[in-house]
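To start, the structure under review is shown below, and the notes come after it.
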Amino acid sequence: MASKVFFTKELDQAAELFDRASLRTLISKGDQVALKIHFGEPGNHAYIKPERVKPLVRKVRDLGGKPFWTDANTLYKGKRSNNESHLQTAHNHGYTMNRTGADVIIADDPDNVRGLAISVNYPLCNKIHVAPRALVQAMLVITHFKGHELTGFGGALKNLGMGLGSKLGKLKMHQDCPNCPEVKTCKKNQTLESCWVGSSPLVQQKIAEYAAGIAAQFKSKIGFISFITDVSENCDCYAHNSAPIVPDIGILASFDPVALDQACVDLVNQSEGRIKGPDKFRTIWPEADWSIQLKHAESIDLGSRKYELIKI
Ligand code: SF4
């Protein structure tokens, strides 16, 4: 059955979209509500600006929820690799109580950077390692839809799956130890250093499994909103960003992250833009077949690639 994906071209209508998509059903009075978002690496200017998502804080509070912005630290060294500098980066990019009406809580437990181990039963993963502070009563996954060199595009699946993996979880998603010549001497599972060995297909599949495992912790109290704005070739982890590959298209919402990502990539590919060709992300990143993450997520029942687009 096709999943419903709600769409508005009006970039100041996140709150209206929230209502039309019935995302209010996620929230009960007193719920802690994690607003999962990427705060942008210092130097990047394409990340979602706080003013665009601030109305969602108001919506959550009006429903009696207690919203907070959240993201997890990176595996690689940088301004978002520990709780302190990550929090400062979020504040520097405007995600403050004063400006948005909600505080920021970095999802990692600084006393346990390996994160919370959760048993799952997927083709590749039997355990996922998650940054625990985001695992509260309800979650809204707010995604900046853009290109990505390893996964083709970075959408809702990647924002949730890779985004909330702990440092160990991110390492597990990126590694491919059984096929790695370094396996006998490598200490990265102890030192939690970056590893980029895993191939695009493998990493995409593990991202889908992490997204499914994390979503399962919320049962039905998780929803997704994606912004197809400032669609840069690279992700917001970069300290710079390319010119958008297409003009801003709009905001989409759904309970189904697979249908949402499929709708976003279809709208980008249907749009005019500076990148030509039927598949703009494959034109930019020919090695990355972005459909793998969607196929795998569908195969583990996280959602459907079939969708009904409802314009508001
Ligand atoms: S370099 Fe990466 S893939 Fe290779 S053994 Fe180390 S962690 Fe595993």
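The values are calculated or read from the model by the stated rules, or taken from the named source; none is laboratory data. Quantities reported herein were computed from a predicted structural model and do not represent experimental measurements. For neighbour counting, all protein chains shown are included, and Cβ atoms are generated from backbone atoms with ideal geometry for every residue, glycine included. Side chains included, ligands, DNA and RNA excluded: accessible areas come from the protein's heavy atoms. Shrake-Rupley method; radii C 1.70, N 1.55, O 1.52, S 1.80 Å.
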Problem set entry | Rounded to whole Å, sorted largest first: equivalent-ellipsoid semi-axes of the chain, Cα gyration tensor | 27, 23, 19
Exercise. For the chain, with only Lys/Arg (+1) and Asp/Glu (-1) charged at the beta-carbon, what is the dipole magnitude about the Cα centre, in debye rounded to 20?
Worked result: 480
Exercise. Per residue, how much accessible area does the chain show when a 1.4 Å probe rolls over the protein heavy atoms, in square angstrom?
Worked result: 41
For this session: Report the label-to-label distance for GLU10 and GLU84 in nanometres (one decimal), using points 7 Å from each Cα along the Cα→Cβ vector.
Result: 4.5
Seminar exercise, completed: Output for the stretch 62-112: trypsin sites (Lys or Arg not before Pro) sitting in coil per DSSP, at most 12 other Cβ within 10 Å, listed by number, reads LYS77
Exercise. Label 7 Å along Cα→Cβ of LYS127; the stretch 74-94 residues with amide nitrogen under 20 Å?
Worked result: 75
Exercise. Computed over the Cα atoms of the stretch 66-125, what is the convex hull's projected area averaged over all directions, in nm²?
Worked result: 5.7
Seminar exercise, completed: Summed over the other residues with a beta carbon less than 15 angstrom from that of VAL183, with K and R at +1 and D and E at -1, the charge totals +1
For this session: Determine ³J(HN,Hα), in whole Hz, for all residues of the stretch 29-36 in sequence, where each value follows from phi through the Karplus function 6.51 cos²θ - 1.76 cosθ + 1.60 and θ = phi - 60°; x replaces Gly and Pro.
Result: 3, x, 5, 6, 10, 7, 9, 6
Seminar exercise, completed: With the dipole of the chain defined by +1 on each Lys or Arg Cβ and -1 on each Asp or Glu Cβ, the option from THR25, PHE6, PRO278 whose Cα lies farthest towards the positive pole is THR25
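If the only charges are +1 at each Lys and Arg Cβ and -1 at each Asp and Glu Cβ, what is the size of the charge dipole of the stretch 11-130 around the Cα centre, to the nearest 20 debye? Provide the component values of the computation, followed by the final result.
Details: 17 positive and 13 negative charges, 34 e Å.
Computed charge dipole of the stretch 11-130: roughly 160 debye.
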Seminar exercise, completed: In nanometres, the difference between 0.36 nm per residue of separation and the alpha-carbon distance of ASP19 and LEU192 is 58.1 nm
Problem set entry | Percentage relative contact order, the chain, counting C-alpha pairs under 8 Å, at least six apart | 25
For this session: Specify which residue in the list PRO132, ASN112, GLY213 is farthest towards the positive end of the charge dipole of the stretch 80-216, using unit charges on the beta carbon of Lys, Arg (+1) and Asp, Glu (-1), about the Cα centre.
Result: GLY213
Exercise. How much net charge surrounds ALA34 when only the other residues with a Cβ under 11 Å from the Cβ of ALA34 are counted, with Lys and Arg +1 and Asp and Glu -1?
Worked result: +2
Problem set entry | Stretch gain in nm, segment GLN270-GLU51, where the contour uses 0.36 nm per residue and the Cα spacing is subtracted | 76.1 nm
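Considering all alpha-carbon pairs of the stretch 7-157, what whole percent are spaced by more than 21 angstrom? Mind showing how you got there, number by number?
Working: 5552 of 11325 pairs.
For the stretch 7-157, the fraction of Cα-Cα distances above 21 Å is 49 percent.
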Exercise. Per the 1.4 Å probe, what fraction of the accessible area of the chain, in percent, lies on carbon and sulfur atoms?
Worked result: 52
Exercise. In what sequence, largest accessible area first, do SER242, SER220 appear using a 1.4 Å probe?
Worked result: SER220, SER242
For this session: At 1.4 Å probe size, with no ligands or nucleic acids counted, give the accessible surface of CYS264 in Å², nearest ten.
Result: 0
Problem set entry | Rounded to the nearest 10 Å², the accessible area of ARG20 at probe 1.4 Å | 120
For this session: For the stretch 166-211, take the alpha-carbon Rg, divide it by the Kirkwood Rh, and send me Rg/Rh.
Result: 0.95
Problem set entry | Order of exposure, largest accessible area first, which applies to LYS29, LYS276, LYS127, LYS49 with probe 1.4 Å | LYS29, LYS276, LYS127, LYS49
Exercise. Taking the Cα atoms of the stretch 257-303 alone, what are Rg (to one decimal) and Dmax (as a whole number) in Å?
Worked result: 11.7, 35
Problem set entry | Directionally averaged projected area (convex hull, Cα atoms, the stretch 99-173), nm² | 6.5
